[in-house]
Amino acid sequence: MNGVLADQGINYDKGIFYSPTIEYVDLQLTSSPVKYLWIDQDEGTDQTKCDLTSQEMDTTKSSYDAVVKKFFVEKITKKIQYLQSHPDQFLIDEKINQPNELSFNYTFQTINKLADWNIFPDKLIPSVEEGICLNFKNKGKVLYFEIYNSGDLGYIIEDTYLHQTTENEDVPSIDDMVTKIKDFIAV
Amino acid sequence: MQKGRKVYSPHFILSFNYMFARCPRNDWESGEDYPNFGQIRSDQSFNWSVFSIPLWTRFTDAQEYRDGYGVIGYKVKTIRETHIINPVFENDTFNILHKPLLNNYSHCELAQLKEVTKKQKRDLRMTFKHKCIRPLYPLKDRSKTQLMFDYSRMYLHRFVFWIRIALSTTTQE
């Protein structure tokens, strides 16, 4: 199944989560984008186009492209599950605690809340500071969001051109962090 | 091996020496920025350039060689003068202590002389990211020329180190 996205309102230029290629998804940006999503079902010999008019883009809605959201959320969930079941070798070698259930839980919550806005992390890695580190890229800047095993949250923004830190703050809650990431991506 | 050899005071760890550290690969792909911020530790241990080349840093404490790990290095000056590079830190917040292990005589640790918050640790790690050298990327090897350079640097640093020791001994006498 190939999902084709015909609207540029989706944040694909913010980086693709931990994989240089996305299987089964083609991004086709035309000169006159159509504001709907359709799915090309090429299973077998019958190539049927299903016009998903019910999925019409609407910026006031937070879940307008369920297919894309589902794809990325599933991919990230698989990554989280992999990290849960496969302890990181480097953390073992360095005698650093693996990310715990609390940090995985917070990560999962963050991913799901951001997915409602079609925002997905560029990378999700176990942090050497004990927890999870999510990376979000936008226009030469990278926001590193750290979820510590202790439940503390914090972020730092790096300007990759100037090699400078532009912001560094602790955050009291997941909701505040989601708001911060949305603002960062919207700039 | 430590073999009962001396532990040196921070006084003998010279500002132009390098501290080499292992870094994980995670999802890094060739051509991407390395290391990722999430891979840089604030509570870091190092191999001292007086007794080690970057390649040896890939050996874990259990003497297992990890070619999947990258190696990064910081100048001692960067660590000691973090307060100049980044004014959020007070003077003398960090130093380096020589703490030899049974299998690694060059082993050093970053000492935090004052309390450092998580926020400050993020600042420190970002400073490290911007100021580090990257002698080895994950899964990459040093060429023979690079290895010769690494050995030359180690022996040069060791030569200056011994001069410093000798001068120190003479002064005490």
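Odds and ends about this structure:
- Quarter of Cα convex hull surface for region B:87-141, i.e. mean projection, nm²: 5.6 nm²
- Per-q log10 I(q)/I(0), region B:1-53, q = 0.19, 0.21, 0.26 Å⁻¹ (Debye; single scatterer per alpha-carbon; no solvent): -0.83, -0.92, -1.13
- For chain B, built as a Gaussian network whose Cα springs stay under 10 Å, the top-fluctuating residue of B:Asn17, B:Asn47, B:Asn103: B:Asn103
- Computed over region B:16-131, the quotient of the alpha carbon radius of gyration and 2.2 N^0.38 Å is 1.05.
- Cβ-based exposure ranking for B:Phe12, B:Phe128, in which fewest neighbours within 10 Å come first: B:Phe12, B:Phe128
- Flagged links, alpha-carbon separation over 18 Å, of A:Lys69/A:Lys182; A:Lys95/B:Lys131; A:Lys180/B:Lys119; A:Lys141/A:Lys180; B:Lys6/B:Lys99: A:Lys95/B:Lys131
- Computed from the alpha carbon atoms alone, the convex hull of region A:89-187 holds 100 Å³ per residue.
- Between region A:105-128 and region B:56-118, the Cα center-to-center distance that results, in Å: 30 Å
- Counting Cβ atoms of other protein chains within 10 Å of each Cβ in B:37-50 and taking the mean gives 4.
- Cα-Cα over 22 Å, subset of A:Lys79/A:Lys113; A:Lys123/B:Lys77; A:Lys137/B:Lys77; A:Lys78/A:Lys123; A:Lys70/A:Lys139: A:Lys123/B:Lys77; A:Lys137/B:Lys77; A:Lys70/A:Lys139
- Only alpha carbons enter this Debye calculation for region A:130-187, each as an equal point scatterer, and the log10 of I(q)/I(0) it gives at q = 0.21, 0.28 Å⁻¹ is -0.77, -1.21.
Throughout, read-outs are computed from the coordinates displayed, never taken from laboratory work. No experiment lies behind these values; they were computed from the predicted model shown. Positions of Cβ are backbone-derived with ideal geometry, glycine not excepted, and every protein chain shown enters the neighbour counts.
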